[in-house]
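Any read-out appearing in this document is the output of simple, stated calculations on the displayed coordinates, not a laboratory observation. Just so it is clear, the model here is predicted, and its values are computed rather than measured. Cβ atoms come from the backbone with ideal geometry, glycine included; neighbour counts cover every protein chain shown.
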Amino acid sequence: MWVCWLLGVAVFVYCWQRISEATTWFFVWDAPRIANDIWTRATPPRWDYIAQLGRPVWDTLNIATLGTMIALCIAVPVAFMAARNTTPSRLFVRPIALLIIVSTRSINSLIWALLLIAIIGPGVFAGIIAIAIRSVGFCAKLLYEAIEEIDESQVEAITATGASRWQVMTYGIVPQILPAFAGIAVFRWDINIRESTVLGLVGAGGIGLQLQASLNVLAWPQVSLILLVILAAVVLGEWVSAKVRGAII
């Protein structure tokens, strides 16, 4: 145990030295003054600018909502192919489904947005597809775990009646995973509202585009107002998500 503590301290000291060598400490010590200067410039917010934020906020909500819907349409079949008790083939189909889940979850939505902007150009559509791709792995992983945890006795009872594979899935599996599916959908939509607010920083539309434009011209009163609007949108999304999850559960 003492050797582990010694190795941990040694690694910490080494990493701290490397960070210190790459850090300009003058700017770190001067950060409070800079932060206070920016705060002074950003207050009070430019309230008359809020009239120009209606469309960007609407675009942000559309990016989150449409991206979540597209992701769910893709995630459902992927989840059924990944679950051990519903996959058509554990040897061929399941590894492909798991690869889709891992690959879509391993890359951040901002990276997906950058790639898609290079392919299809900037705009809201690139943001929607980026959110959708990022959400597929998240939704499919949670859903296929829920499928694997179903009560098999219900499936066996329906199978014993001579039901087909699709009837077993429709009446034995789907009713058991519907609450989990609804919860996953609402939870991911809540996350996507947060992620879609910053996609505009790379040109994928939404209110982040207005934030980037204001930062570029150092319009700090506009920046503070945009941050307040983003906070309000996230809080609203959290409230709606909590209400929907409470109604489902």
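With Cβ to Cβ distances under 11 Å as the rule, what net charge do the other residues near P88 carry (K, R +1; D, E -1)?
Charge balance in the 11 Å sphere: +3.
Quick one: what do you get for the range 191-249 if you divide its Cα Rg by 2.2 N^0.38 Å?
Compared with the compact-globule rule of thumb, the range 191-249 sits at 1.33.
At q = 0.11, 0.17 Å⁻¹, what base-10 log of I(q)/I(0) does the Debye formula yield for the chain when every alpha carbon is treated as an equal point scatterer in vacuo?
-0.80, -1.16
Which order do peptides 60-68, 48-56, 93-101 fall in by mean Cβ count within 10 Å, highest first?
60-68, 93-101, 48-56
Work out, step by step, the length gained on full extension between T43 and L228: first 0.36 nm times the residue separation, then minus their alpha carbon distance; give nm to one decimal.
Full-extension gain reported as 65.4 nm.
Report the percentage of all Cα-Cα pairs in the range 1-142 whose separation exceeds 17 Å, rounded to a whole percent.
Cα-Cα pairs of the range 1-142 separated by over 17 Å account for 76 percent.
Can you give the calculated 222 nm mean residue ellipticity of the chain, where each DSSP H run of n ≥ 4 adds -39,500 (n - 2.57) and the sum is split over every residue, rounded to the nearest 500 deg cm²/dmol?
-25500 deg cm²/dmol
Could you let me know the centre-to-centre spacing of the range 98-121 and the range 1-50, using Cα atoms, in angstrom?
Rounded to whole Å, the Cα centres lie 29 Å apart.
Where nothing but the Cβ of Lys and Arg (+1) and of Asp and Glu (-1) is charged, how large is the charge dipole of the range 54-248 around its Cα centre, in debye to the nearest 20?
280 debye
Give, as a single signed number, the net charge of other residues whose beta carbon lies under 11 Å from the beta carbon of L209, with Lys and Arg counted +1 and Asp and Glu -1.
With Lys, Arg at +1 and Asp, Glu at -1, the neighbours total 0.
Return the sequence-ordered ³J(HN,Hα) values of the range 72-80 in whole Hz as given by the Karplus equation 6.51 cos²θ - 1.76 cosθ + 1.60 applied to θ = phi - 60°, using x for Gly and Pro.
5, 4, 7, 5, 4, x, 5, 5, 5
Quick one: order W29, W220 by neighbouring beta-carbon count within 10 Å, fewest to most.
W29, W220
In the neighborhood of V186, defined by Cβ-to-Cβ distances under 13 Å, what is the net charge if each Lys or Arg adds +1 and each Asp or Glu adds -1?
+1
Counting other Cβ atoms within 10 Å, keep those with at most 14, restrict to DSSP loop, and tell me which GluC sites (Glu not before Pro) in the range 145-197 are left.
Those satisfying the criteria are E149.
What fraction of the Cα pairs in the range 103-249, stated in percent, has a spacing above 28 angstrom?
38 percent
Toward the positive end of the charge dipole of the chain, about the Cα centre and with charges on Cβ (Lys, Arg +1; Asp, Glu -1), which of F125, I150, V136 goes farthest?
Highest projection toward the positive end goes to F125.
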